[in-house]
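Asker: Below is a structure I'd like to ask you about.
The values are calculated or read from the model by the stated rules, or taken from the named source; none is laboratory data. Owing to the predicted nature of the structure, the values given are computational and were not obtained by experimental measurement. Cβ coordinates were reconstructed from backbone atoms using ideal geometry, including for glycine residues, and neighbour counts include every protein chain displayed.
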Amino acid sequence: MQKLPKFSRHLLILPLLLTLAGCNLVVMSPSGDIAMQQRDLIVVSTVLMLLIIVPVIFLTLLFAWRYRRSNTAATYDPEWHHSTRLEVVIWSAPLAIIIALGAITWISTHKLDPFRPLDRIDAERAIPAEVKPLTVEVVALDWKWLFFYPELGIATVNEMAAPVDRPITFRITASSVMNSFYVPALAGQIYAMPGMETKLHAVINKEGVFDGFSANYSGAGFSHMRFKFHGVNQQGFDQWVAQVKEKGTALNRDTYLKLERPSEREPVRYFATVDKDLFDAILNMCATPGKMCMNEMMHIDMMGGGGKESAENRDKLEYDSRHADQVGGHGASAESHDASQTTPADTTGGAASDTQTMPGMQHDGHSMPGMDHGTGGDTAPAQPNNN
């Protein structure tokens, strides 16, 4: 068989390269102001680094060609060892780039802090004084997303919506394992962890339907843990809310406990009514009846502990949000049951071990339950330490 000429073989690669033109580079072409600022930071940082990288690569090739063995016209000076001017250029240029990168990164890190409330809608518009942010409470379940709209009294699964140009305040947590909430068109990824609350402030500036997903591996159904984010005008948002209320059912504790069980490819669901303080109960890991809320346990700890009688609280502080010990939970083995069932005193069992922290303490930028929101349950009485 006759071989194709080398030039013809190269032409065969062109169709493959053209297919890349259909890729949606949403990170570099986002629709929300926070994501746009993050995009700009990536571009500026890359350009600054290329100011050093490109000349170095060019000079490396130039020197290799200029001082090749066959070029007898090139100056050969084996005794050369120092040039002040060359040293100044070699050290001052990278130092200037590092200083510029450090300044830009420091400023952007504080300005784009996800816990920091927004101060603008976009680069040209500040937030009007009369505009109230839309609060959305996010729960990462196995393997689907649950969204609460506390001001509207509704909830959804694997679908959310928000008006264009209205600030959004996300309160984010998880039911079992750590996940990561990510809508590339809106803002950067934010971790969701059981028993802890993270926050994100963002705004969508363009209408459209955008992809959201988990950016942190969390088990078998991780690949399909996706949802749609609808950016709509105020009229469209009102219609979406009306649709949720019309088609939705009730979300109470029993419904939630069934919903939180591991499942894959979960369809979109609407809930027209939601039990009061359900999100705070999930955050405090006491959605299951008979469990002690984390903020109650922290209150006991803050008052000096419960003494010897606190041993009876152990069963109330064991969490198994994957229902591994129940038939139909997910076919989990005994090993996975032991791994998913943790207590606050367990230093190896996951996020629940963080619950001995006093209220108001920060954990790597994440807040513990009860820091800046409702308690999610009755406050536990003070119990002195009798030991």
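Asker: Being surrounded by 10 or more Cβ atoms within 10 Å (Cβ to Cβ), without any contact (Cβ under 8 Å) to a residue 24 or more places away in the chain, closer than 30 Å to residue 120 by Cβ and not assigned by TED's automatic domain parsing to the domain that holds residue 168 is the requirement here; does residue 53 meet it? Step through it out loud before you land on a result.
Answerer: Values: surrounded by 10 or more Cβ atoms within 10 Å (Cβ to Cβ): yes; without any contact (Cβ under 8 Å) to a residue 24 or more places away in the chain: yes; closer than 30 Å to residue 120 by Cβ: no; not assigned by TED's automatic domain parsing to the domain that holds residue 168: yes.
In short, no.
Asker: Looking at 169, 109, 156, which one is surrounded by fewer than 11 Cβ atoms within 10 Å (Cβ to Cβ) and polar (S, T, N, Q)?
Answerer: Values: 169 fails: surrounded by fewer than 11 Cβ atoms within 10 Å (Cβ to Cβ); 156 fails: surrounded by fewer than 11 Cβ atoms within 10 Å (Cβ to Cβ).
Going through 169, 109, 156 in turn, just one is surrounded by fewer than 11 Cβ atoms within 10 Å (Cβ to Cβ) and polar (S, T, N, Q): 109.
Asker: Hey, another quick one. Could you go through region 209-226 and let me know if any residue there is more than 26 Å from residue 263 (Cβ to Cβ) and touching a residue at least 12 places away in the same chain (Cβ under 8 Å). Full working, then the answer.
Answerer: First pass over region 209-226, keeping only residues more than 26 Å from residue 263 (Cβ to Cβ): none.
Looking through region 209-226, none of the residues is more than 26 Å from residue 263 (Cβ to Cβ) and touching a residue at least 12 places away in the same chain (Cβ under 8 Å).
Asker: Determine whether region 206-219 contains at least one residue that is among the hydrophobic types (A, V, I, L, M, F, W, C), surrounded by fewer than 18 Cβ atoms within 10 Å (Cβ to Cβ), within 11 Å of residue 162 (Cα to Cα) and out of contact with any Gly (no Cβ under 7 Å at 6 or more places or on another chain).
Answerer: Yes, region 206-219 contains a residue that is among the hydrophobic types (A, V, I, L, M, F, W, C), surrounded by fewer than 18 Cβ atoms within 10 Å (Cβ to Cβ), within 11 Å of residue 162 (Cα to Cα) and out of contact with any Gly (no Cβ under 7 Å at 6 or more places or on another chain).
Asker: Right, here's the next one. Could you grab me the full set of residues in region 244-294 that are assigned to a loop (DSSP other than H, G, I, E, B), without any contact (Cβ under 8 Å) to a residue 60 or more places away in the chain and surrounded by fewer than 15 Cβ atoms within 10 Å (Cβ to Cβ)?
Answerer: Once the filter is applied, which keeps residues that are assigned to a loop (DSSP other than H, G, I, E, B), without any contact (Cβ under 8 Å) to a residue 60 or more places away in the chain and surrounded by fewer than 15 Cβ atoms within 10 Å (Cβ to Cβ), region 244-294 yields 252, 265, 276, 289, 290.
Asker: List every residue pair whose Cβ atoms sit under 7 Å apart, with the two residues 6 or more apart in sequence or on different chains, where the first one lies in region 158-174 and is farther than 18 Å from residue 117 by Cα and the second, anywhere, is acidic (Asp, Glu) and assigned to a strand (DSSP E or B).
Answerer: Listed pairs, sorted by first residue: 173/197.
Asker: Does residue 211 satisfy the condition of being part of a strand (DSSP E or B), under 20 Å from residue 31 (Cα atoms) and acidic (Asp, Glu)? Give the steps one after another, and end with the answer.
Answerer: Values: part of a strand (DSSP E or B): yes; under 20 Å from residue 31 (Cα atoms): yes; acidic (Asp, Glu): yes.
Criteria met by residue 211.
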